[in-house]
Amino acid sequence: MNDVSVMSDTIYALSSGALPAGVAVIRMSGPAVALVLNRLCGVVPEPRKATLKRLVDPVSGDVLDEALVLFFMGPSSFTGEDVAELQCHGGRAVVARILDVLSGFEGLRPAEAGEFTRRAFDRGRMDLTEVEGLSDLIAAETEAQRKQAFRQMGGGLGRLYEDWRKRLIHMRAMIEADFDFADEEDVPGSVADQVWDQAEGLIGEIDQHLEQSKSGERLRSGLQVVLMGAPNAGKSSLLNAIAGREVAIVTEEAGTTRDAIEVHLDLGGYPVTLVDTAGLRETEGRVEQEGIRRAQARGEAADLILWAMEPGGLAPDHSVSGLSEDVRQTVPVWIVRTKVDLETLPEQDSSGTTLEIPVSCLDKNGLEALLDRLSSFVGEMISVGEAPLATRARHRHFLRDCRTALHHGFTRDDLPGELRAEDLRSAADALGRITGRIDVEDLLDVIFRDFCIGK
């Protein structure tokens, strides 16, 4: 998609959902759009005005369908090129015939995944943060994810980084003026000191943004809640009870669960991935050993561990089948007393250290209380306001690069002004790589390949 000749093609694709449907939307973008519309319906409709037209095969003269036709003249369109949408009937035969007719036009070809959005980026209609926001909006499964993605797609994150980048460019200009015109009376000698005071303030802003953005990343990817415990402690039954359906196989045979089983939940509008894992115990079986290794790895990466413990079962700190001390110190652990239909235990909360919650998967007793606590925990962990937040690992990576360069320039007052100005340039370039303004060609295929065809 980087070749100029490829970008000069006119592309087309079905942009709506699976067929059959009440209405299907076929989108076109490129220099031949007006010509195609003339050939299909005898006229190019007035821009941005829906017009009911018959679509006719220009070769055979057959009427293909009656459709609403919209034309958007570039550069005032989504891609920055001439764009058209054919809103036709959503039958498979109708759509297939229209796409077949479009393929017969010279210079037209089917769009690749994400190519419409890629053209919008290449023509400056969107920056990379907006592109990623659009991708997240399409993939959003909860209300909170939708709101965050919509804010990012609206350009809030890109504007924040662009403001920082412009401030860095201005700081660099002041530094260069300081050593280029040091002999001039109208260039005050304190300019450099003022610039580095501003740099220190910007470092603080970046630090605060990185800290707040932990919630943004959690919201995008979902909180990881991992079920752990000894074999037959009731983990799979608990997973099925929380999910409200039979997800995991439940038997009395120990070691039934060998690999991680994931269930995606919406708790109060926040995304949660609930993971069932293999029971922890000493075993000679190689397959079960691998399952236990994977269970321990998921526990180390979890945001919360629900430790299932049946009556007389083993606690998380048990030397044989428990959690390591490192995991217990870094990941919150709640003990879920399963099978409480066999015993009665009060709920305990020892000053935030270990929470014990009684639950019966048989009669669902205690399940609602567990879900309420989970919802509260998730809401506290993913507490996002209206401020734009970094949502991806690459954002965090380049923000740290920016901060490192800024900090180096700020602290090394023993270096020549030219070298400290170079640190400002490096910091600004790191921000430019987030929005796609600088040296991101190697990232583009990775970003756009996750889009669907027609977007």
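Identify all residues within the stretch 272-282 that are modelled with pLDDT under 85 and open to solvent by less than 70 Å² (accessible area, probe 1.4 Å); write none if there are none. First the steps, then the outcome.
Kept after step one, since they are modelled with pLDDT under 85, are these residues of the stretch 272-282: 278-282.
Scanning the stretch 272-282 gives 278, 279, 280.
Return yes or no: is residue 23 of a type in the set (A, V, I, L, M), open to solvent by 30 Å² or more (accessible area, probe 1.4 Å) and either at positive phi or touching a helix residue (DSSP H, G or I) at 6+ places or on another chain (Cβ under 6 Å) (or both)?
On the way: of a type in the set (A, V, I, L, M): yes; open to solvent by 30 Å² or more (accessible area, probe 1.4 Å): yes; either at positive phi or touching a helix residue (DSSP H, G or I) at 6+ places or on another chain (Cβ under 6 Å) (or both): no.
Criteria not met by residue 23.
Within the stretch 219-238, which residues are open to solvent by 10 Å² or more (accessible area, probe 1.4 Å) and in a strand (DSSP E or B)? Let's see the steps before the verdict.
At the first step, the residues of the stretch 219-238 found to be open to solvent by 10 Å² or more (accessible area, probe 1.4 Å) are 220-221, 224, 230-232, 234-237.
Within the stretch 219-238, just 224 meets the criteria.
So that you can scan it fast, the table gives a plain yes or no per residue for (1) closer than 20 Å to residue 242 by Cβ; (2) open to solvent by 20 Å² or more (accessible area, probe 1.4 Å); (3) in contact with a helix residue (DSSP H, G or I) (Cβ under 8 Å, 6 or more places away or on another chain); (4) modelled with pLDDT under 85:
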{"residue": "291", "(1), (2), (3), (4)": "no, no, no, yes"}
{"residue": "308", "(1), (2), (3), (4)": "yes, no, yes, no"}
{"residue": "316", "(1), (2), (3), (4)": "yes, no, yes, yes"}
{"residue": "331", "(1), (2), (3), (4)": "yes, no, yes, no"}
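Condition check: out of contact with any Cys (no Cβ under 8 Å at 6 or more places or on another chain), at pLDDT 85 or above and on the phi < 0 side of the Ramachandran plot. Does residue 194 satisfy that? Working first, answer last.
Numbers: out of contact with any Cys (no Cβ under 8 Å at 6 or more places or on another chain): yes; at pLDDT 85 or above: no; on the phi < 0 side of the Ramachandran plot: yes.
Criteria not met by residue 194.
So which of 143, 115, 81 ends up being touching a helix residue (DSSP H, G or I) at 6+ places or on another chain (Cβ under 7 Å), in contact (Cβ under 8 Å) with a residue 40 or more places away in the chain and among the charged types (D, E, K, R)? I'd like the intermediate steps shown before the answer.
Values: 143 fails: touching a helix residue (DSSP H, G or I) at 6+ places or on another chain (Cβ under 7 Å); 115 fails: touching a helix residue (DSSP H, G or I) at 6+ places or on another chain (Cβ under 7 Å).
Step by step, each of 143, 115, 81 is checked, and only 81 is touching a helix residue (DSSP H, G or I) at 6+ places or on another chain (Cβ under 7 Å), in contact (Cβ under 8 Å) with a residue 40 or more places away in the chain and among the charged types (D, E, K, R).
Would you point out the residue of the stretch 393-439, among those that are closer than 20 Å to residue 208 by Cα, modelled with pLDDT of 90 or more and polar (S, T, N, Q), that is nearest to the chain's Cα centre (by Cα)?
Of everything passing the filter in the stretch 393-439, 435 is nearest to the chain's Cα centre (by Cα).
With respect to residue 285, is the statement that it is modelled with pLDDT under 75 and open to solvent by less than 50 Å² (accessible area, probe 1.4 Å) true?
The answer is yes for residue 285.
What residue, among those in the stretch 62-90 that are open to solvent by 30 Å² or more (accessible area, probe 1.4 Å) and among the polar types (S, T, N, Q), is nearest to residue 123 (Cα to Cα)?
That would be 76.
Given the criteria farther than 17 Å from residue 109 by Cα and free of Cβ contacts under 8 Å to residues at least 24 places away in the same chain, does residue 23 qualify? Give the derivation first.
Values: farther than 17 Å from residue 109 by Cα: yes; free of Cβ contacts under 8 Å to residues at least 24 places away in the same chain: no.
Criteria not met by residue 23.
The values are calculated or read from the model by the stated rules, or taken from the named source; none is laboratory data. Keep in mind that this is a model prediction, so the values were computed, not measured. Note: ideal-geometry Cβ built from the backbone for every residue, glycine included; neighbour counts use all protein chains shown. These accessible areas exclude ligands, DNA and RNA; they are computed on the full protein's heavy atoms, side chains included. Shrake-Rupley method; radii C 1.70, N 1.55, O 1.52, S 1.80 Å.
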